[in-house]
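A short worksheet on the structure shown next.
None of the figures in this text is laboratory data; all of them are computed from the coordinates on show. None of the values given here were measured: they were computed from a predicted structure. Here Cβ is always computed from backbone atoms with ideal geometry, including for glycine, and neighbour counts include all displayed protein chains.
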Amino acid sequence: MSKWVIKGLRTGIKTTQYPRKMETASGVSPGLPTAAKGTEKEVQELVFNCPTGAIERSGNQLTVDYNYCIHCFRCKRGSQSPMGWDYGYEWAANTKDSGANRGLGSAFNRSINIRFVDGGACGACISEIEQLNKPYYNMHRLGFFATPTPREADVLLVAGPVTDHMRLPLKKAYDAMPTPKLVMAVGACALSGGIFGPSFMSDAGVSELIPVDVAVPGCPPPPLAIIHGLLLAVKRKSSALLTSSEVRG
Amino acid sequence: MVQSLNKATEWLNLSEISANRWPGKIKVRCKQDRFICHMECDKSIVADVCNWLFSELDYSFASLVVEDLASEQLLTYIFYGGFGNGLICVSYRISNSTTTVPSISNLIHAVDWHEREIEDLFGLVFEGHPRLGDFVLHEEWPEGINPMRADFDPSNPYIHREVDPDWRPLRIVQSPGAFMMPIGPVYSDFAESAHFLLETVGEDVIRIIPRFFYKYRGIEKIAEGNAVEHVILLAERFSGTSAFAHSLALCKAVENISGIEVPPRAKALRIVLAELERLRHHIGAIAGICSSTAFAVATSQASILEEELLRLSGVLTGHRYLFGLNILSGLSIDLADDAIGMLAKNLRGLMVELNKLKKLLYFSSSFLDRLEEVGAVSLEDAVSHGLVGPVARASGLLRDIRKVLPYSGYEKLDFTVPGEEEGDGYARLRVLFAEAEQSVNIINQVASSLPPGSVNAKSFRIAPGEALGWVEAPRGASFHWIRVGEDGRVLRYRLTTPSFSNWHGFHLAAENFAFQDFPIIMATFGLSNAESDR
């Protein structure tokens, strides 16, 4: 057993400095497209190629709705795209329903319990959420803990479009949570149904069933974006925007 | 099994043998060059033909595809591997009004879940099957509404029926003191949605009744009527942890139909990325096994390697889970030479760490106590239940799609298929480590001699037709059947995934073990419900 102790000590600290400092390592985020201006032909092509309708146009100006972006990269790759690209990860945002669940007061600032419900997620979102419990992101240092029961959960983390068969379990888990409580939707599917919903078997996201307070876009959102969402839930970080409509310099 | 895998392939004269055996009832078309054989037979002999392939010629069952065509229904049983290798499609046609068909799951147990699924989704009753009924669609779905039928409208949510409040799941164990322990669908820290009913009389789990398809998103149905490019997005996103493998299988099927030539560089890079995904998956699975035994230090060590691979994937391709890479005719991006160099350098460092971890784990007796002789699956069971991937190989069933149906240039590579005999949790862990090592070996071989050129074709046309795409996904053999219509839209898309095949055999491992072994056995199987439920 002593070998393991030595191994652990030798490994040193791997955990990110975020939120104290921004994470600068590469490969922590796939990025998101941002608003852009282009020629008539480019604009037309980009709107046409976007499979989920996340890119919209007004004149020659393009805006991006992050509720729908599924990281297909079709607006980025291919011929000379004018699309901007945001390589950050602070993407979590309050939604129009924020406050519907009587959000958490300042007593929760330093510690919250999280219950995760899989509403038909593909596995990538779940894998990214799992990373929060692992050395590189380690959410415990921030006072965030996963709990096996909704009865002691403050935040409900939901990924996936909410499939037909998961509607009842999700509603039950939500109802079992004591107030005050928050719902956080993780990933494009949970925000808008993504590529799956709405259909005969999937909803168009979690907000169809229960009010969502914090939305984390991405397909999947990187762990740092989910941490940003949790920090936003306890008001230790400020909200980003769910649409990109201003062309950055 | 071991022998048939490595034996030089010998294409049997299938048409002659089968014509003599069932005169006038079977038509056989063999494509000599591509090792695909179509057998069109009479409904009355389909069970015999399938049994002949499975029991006598040592073929494995791949998939059962039902197509609801305009004037008739077409059922195709697909087999692969075995003596002579290649693929065999056994098909028969029935009229649209036919509702009963023969069941073959009493002969080939691997077909069991396929028949149950099709009964639910198409309303076809398999005569003689002992357990049809709520499977994919749960009890709140009205009987007689079959979503895979051509006339079903998938765009709107369906109105559910009231469930009888006295409804209880089926119980099998009837003895004094027996009780049922439900697990799921919301359980554990970050587990996927699935439900297990464990029947027990105390400490040991006697029966396991899994209830899956909580995550059924109807991928096969919502793919219908869409352009192939859109369906690639579905193939990529229905199981995010094996996105590259599944999108590759679909692309290969469509490329096959349309005769699209994939440039050599794209073929080589597809292998690199597929193996990178396998490596990441296996290390994630190892972390899962360590975590299931509550071995925190080892979990952390494996997780560090997993995250490093995720970041490496992000740097190389822009996406941590390799989304958006496979397109028809190749890849959407090229990897520069220095990126390949960086990959090779990183993998060298990673292998050193992985070997250290392996050594430490193999000499930690408290950890091994939880794995050894736990959750054993015999070779016989693995064959009869049609298990695939690392789970099957840990039981001695060494069938690897990369060897038996080589694709994308695997036939030119020098690698071994690691196998074990015991079939227990420890054997599965050893297979994961050995396969991870082979993946790095494959990446190094390909990266050292990458052909130059472009990674996709500038123009091509999608032709109508049908084809099967296959791939050895990280969790095992995966088959994508696709039929493309005249307008380039998908008419039928059938997905057979390794998680679906292996969950079917999961109860073999977990029954007759204690409660506390259950999460460990589950972790050593390393399956995904998203991949299984589709």
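A few notes on this one:
- Look at where the Cα atoms of the range B:211-257 and of the range B:413-432 average out, and the two centres are 28 Å apart.
- Cα extents of the range B:219-533 along the three principal axes, largest first (Å): 59, 42, 29
- The range A:183-216-the range B:453-487 distance, computed between alpha-carbon centres (Å): 30 Å
- Inter-label distance for B:Asp334 and A:Ala107, nm, one decimal - labels placed 7 Å from Cα along Cα-to-Cβ: 6.2 nm
- Square roots of five times the Cα gyration tensor eigenvalues for the range B:299-367, Å: 30, 14, 9
- Volume per residue that the Cα convex hull of chain A spans, once the total is divided by residue count, Å³: 149 Å³
- Residues of the range B:77-120 with amide N under 20 Å of a point placed 7 Å along Cα→Cβ from B:Asn20: B:83-85
- Chain lengthening between B:Val125 and B:Asp42 when straightened (0.36 nm per residue, less Cα-Cα): 28.1 nm
- All-pairs Cα distance distribution in the protein assembly as shown, expressed in whole percent, bin size 20 Å: 16, 53, 29, 2, 0
- Rounded to whole numbers, the Karplus 3J(HN,Hα) couplings from phi for the range B:176-185 are x, x, 6, 9, 10, 10, x, 10, x, x Hz, using 6.51 cos²θ - 1.76 cosθ + 1.60 with θ = phi - 60°, and x at Gly and Pro.
- Dimensions in Å of chain B - Rg and Dmax from alpha carbons: 22.8, 71
- Diffusion coefficient of the range A:5-79 by Stokes-Einstein, Kirkwood radius over Cα pairs, 37 °C, 0.692 mPa s: 215 µm²/s.
- Sequence-separation-based contact order of chain A, relative, with Cα cut under 8 Å and 6+ spacing, percent: 26 percent
- Peptide ranges B:423-431, B:187-195 listed from the most packed, as the mean C-beta count within 10 angstrom indicates: B:423-431, B:187-195
- Calculated on the Cα set of the range B:222-364, radius of gyration then Dmax: 17.2, 55 Å.
- Shape category assigned to the range B:432-504 from the gyration tensor of Cα positions, a/c cut at 1.5: oblate
- Relative contact order (%) - the range B:219-533, alpha-carbon pairs under 8 angstrom, separation at least six: 29 percent
- Shielding by partners, peptide A:64-74 (average Cβ within 10 angstrom, other chains): 3
- Size-normalised alpha-carbon gyration radius of the range B:76-115, reference 2.2 N^0.38 Å: 1.39
- Shielding by partners - mean other protein chain Cβ count within 10 Å, residues of A:125-132: 6
- The range B:184-267: equivalent-ellipsoid semi-axes (sqrt of 5 x gyration tensor eigenvalues, Cα, Å): 38, 15, 12
- Radius 12 Å from Cβ of B:Glu308, net charge of other residues (Lys, Arg +1; Asp, Glu -1): +2
- Entries of A:Lys14/A:Lys171; A:Lys21/A:Lys235; A:Lys14/A:Lys237; A:Lys21/A:Lys171 with Cα pairs more than 27 Å apart: A:Lys14/A:Lys171; A:Lys21/A:Lys171
- Across the range A:126-172, Cα-Cα pairs more than 18 Å apart make up 42 percent of the total.
- Summarised in one figure, the compactness ratio Rg/Rh of the range A:64-160, Cα atoms and Kirkwood Rh, is 1.03.
- Residue-averaged beta-carbon neighbours from other chains (10 angstrom radius) around B:310-320: 6
- Shape annotation for the range B:475-534: C-alpha extents along the principal axes are 55, 16, 15 Å, from largest to smallest.
- Backbone N under 15 Å from the B:Arg161 label point (7 Å along Cα→Cβ), restricted to the range B:101-134: B:120-121, B:123, B:133-134
- The angle between the Cα long axis of helix A:40-49 and the main principal axis of chain A comes to about 40°, on a 0 to 90 degree scale.
- Residues in the range B:208-226 that a label on B:Phe179 would reach, taking backbone N under 18 Å of a point 7 Å out along Cα→Cβ: B:208-209
- For the range A:93-238, diffusion coefficient by Stokes-Einstein and Kirkwood Rh (Cα), 4 °C, 1.567 mPa s, µm²/s: 88 µm²/s
- Share of pairwise Cα separations in the range B:2-127, more than 23 Å, in percent: 30 percent
- ³J(HN,Hα) computed for each position of the range B:344-351 - Karplus, 6.51 cos²θ - 1.76 cosθ + 1.60, integer Hz, glycine/proline x: 4, 5, 5, 5, 4, x, 5, 5
- Under 18 Å of direct C-alpha separation, and excluding same-chain neighbours fewer than eight residues apart, B:Lys25 reaches these aspartates and glutamates: B:Glu16, B:Glu40, B:Asp42, B:Asp48.
- Distance between the range B:348-380 and the range B:145-176 - C-alpha centres, whole angstrom: 41 Å
- When +1 charges are put on Lys and Arg Cβ atoms and -1 charges on Asp and Glu Cβ atoms, the dipole computed for the range B:378-524 relative to its Cα centre reaches about 840 debye.
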